[in-house]
1. Check PRO106 against each of (1) buried (at least 17 other Cβ atoms within 10 Å of the Cβ); (2) near ligand 1 (Cβ under 10 Å from one of its atoms) and name the one condition it does not meet.
2. Restricting to segment 140-153, give me the number of residues that are touching a residue at least 40 places away in the same chain (Cβ under 8 Å) and closer than 12 Å to LEU178 by Cα.
3. Those residues that are within 16 Å of ligand 2 (Cβ to nearest atom), touching a residue at least 40 places away in the same chain (Cβ under 8 Å) and in a helix (DSSP H, G or I), I need them from segment 172-196; list them, please.
4. State yes or no: is THR43 within 16 Å of ligand 2 (Cβ to nearest atom), crowded, with 22+ Cβ neighbours inside 10 Å and β-branched (Val, Ile, Thr)?
5. Can you tell me how many residues within segment 1-43 are within 14 Å of ARG218 (Cα to Cα), modelled with pLDDT under 95 and within 14 Å of ligand 1 (Cβ to nearest atom)?
6. Take the residues of segment 85-106 that are in a helix (DSSP H, G or I) and modelled with pLDDT under 90: which is nearest to ALA172 (Cα to Cα)?
7. If you go through segment 200-226 one residue at a time, how many are buried (at least 22 other Cβ atoms within 10 Å of the Cβ) and among the acidic types (Asp, Glu)?
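The values are calculated or read from the model by the stated rules, or taken from the named source; none is laboratory data. Everything numeric in this text was worked out from a predicted model, so none of it was measured. Don't worry about glycine lacking a Cβ; one is built from the backbone with ideal geometry, like all the others, and counts go over all protein chains shown.
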Amino acid sequence: MAGGSDGRPPGKVVAIAGLKGGCGKTTLAIGLAGVLVEAGLATALVDVDPAGAAIAGVRRGPAGLLRRAVPLRGRAALPAWLEGLAALRRSAELVILDLPPADPLPLATAALTSELVLLPVAPTALDLAAARTTIGWLERARAGRPDGRPQLLAVPSRIAAPDPAARAPLAAIEALGLPLTPPLRLREGHDRAYREGLPPSVAAPGSAEHRELRAIARAVCETLGLAARLPDAGPGAVDAASAPVRTAYLDEPPGARGPLDLGAYRRRWRDRLLPFFGGRR
Ligand SMILES: Nc1ncnc2c1ncn2[C@@H]1O[C@H](COP(=O)(O)OP(=O)(O)OP(=O)(O)O)[C@@H](O)[C@H]1O
Ligand SMILES: [Mg+2]
């Protein structure tokens, strides 16, 4: 497997997925890219959505973030897209894919090429139903992978400010059966940062949304076994209801099943992906 030019292993792919539009994928992708760069990780943000919203959200920084708009337009484009991903993995320690809604091809491709899938889920019946469908697709793809990847983490998304009933929405998301990261609350700061073309870590350092993103990034790095400089947010920084409801993402030792061999997936992609579309093997 081709690694970085300096001999280090290829970067890990983290896909941000969800068939439901508007669940918070792009907001999470931008914010996470910002805190990962802040933590000193060579990070690439790949906008797989032809709408291009993620790239617009980081158009002014942070410095050092690799930005790529690489929409996946149909099955014929898949081999070239996978080559592009392999090249990015040689340059970055972490490659974040911001996936489009409603398109099963990028979802299936991400399921077969990523180490970790983050699923932002807002606590509404509509979002929860869509998340269950997405999880079903991802688990089907995972069943075809010898390494048991990708790991799945739900990210409670667009959670209203804490109130006495604050755990209820988290419990509804927890009922999906996936381990959860700390939540990303509904905060105007995301929109302000977006207008500036910068992630919250740069547009509003120390803000509540910045601290929440750091807490999510810590869960991501722990899951992937990546050492990152992400200092604890400090007392009171992340409210009690933001503590992870389950910490099962720590259960499986990172890397226990060996690294992902992208070359092998490239060779097999046809067999694996065609069944998703009712095609013949
Ligand atoms: N935590 C949050 N706080 C405040 N607003 C949010 C939050 N998350 C998302 N939003 C807002 O909700 C809308 C949809 O968010 P976003 O574009 O991130 O979702 P998406 O899943 O990427 O959507 P799509 O499926 O269309 O790509 C945007 O207007 C965004 O600013
Ligand atoms: Mg989006």
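1. For PRO106, the exception is condition (2).
2. Residues that pass the stated criteria total 2.
3. HIS190, ALA193, TYR194
4. No.
5. Residues meeting the conditions: 0.
6. PRO104
7. 2
This table checks each residue for (1) part of a helix (DSSP H, G or I); (2) without any contact (Cβ under 8 Å) to a residue 24 or more places away in the chain; (3) within 16 Å of ligand 2 (Cβ to nearest atom); (4) surrounded by 19 or more Cβ atoms within 10 Å (Cβ to Cβ).
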residue: LEU112; (1), (2), (3), (4): yes, no, no, yes
residue: LEU119; (1), (2), (3), (4): no, no, yes, yes
residue: PRO123; (1), (2), (3), (4): no, no, no, no
residue: THR134; (1), (2), (3), (4): yes, no, yes, yes
residue: LEU138; (1), (2), (3), (4): yes, no, no, yes
residue: VAL155; (1), (2), (3), (4): no, no, yes, yes
residue: LEU198; (1), (2), (3), (4): no, no, no, yes
